[in-house]
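Here's the structure, in structure tokens; my notes come after.
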Amino acid sequence: MSHAQEFMTKERERLNALRAEATVQLDTFAAQITVIDRELAAVDAYEAALEGKKPATKVRATRSAHATGILQVVREKPGATASDIKAALGATDNKTKRTITNLLSALKRTGKLMHTDGRYTIAA
């Protein structure tokens, strides 16, 4: 292998490692934002109840926010079941639960998650 090819190979490996690290950080931040948004909605609902008003209608998380949340939950809790993940993401209605189930399948299919004996882990 020539010096130039060796350099390009090492540089590609370095950049791919940096990209992977940045992606993990992005997933972490997105999951944190999802949790904060859920907590803010709870505070708003509580405040509205104290004032005798109806709470604002719930804003649903986007599909990508759910996917990010799933990855974050599985990173923090390797071996989590689908029920564990749904509970951690605060899924209470059937539509959200179905979305999470579909995303778990998609994340398995794309190689981001592994599913063994009903438990999910991050794919290596």
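Laboratory data are not the source of any read-out in this text; all were calculated from the coordinates shown. All values reported here derive from a predicted model rather than from experimental measurement. Heads up, the Cβs are rebuilt from the backbone with ideal geometry, glycines too, and the neighbour counts pull from every protein chain shown.
Each label was represented as a point 7 Å from its Cα along the Cα-to-Cβ direction; for LYS108 and ASN94 these points are 2.2 nm apart.
Neighbour counting of Cβ atoms within 10 Å sorts the residues HIS66, HIS3, fewest neighbours leading, into HIS3, HIS66. Under a Gaussian network description of the chain, with springs only between Cα atoms under 10 Å, the residue in ILE70, ILE33, ILE85 that fluctuates furthest is ILE33. At full extension, LEU26 and LYS10 could sit 3.3 nm farther apart than now, given 0.36 nm per residue minus the alpha carbon distance.
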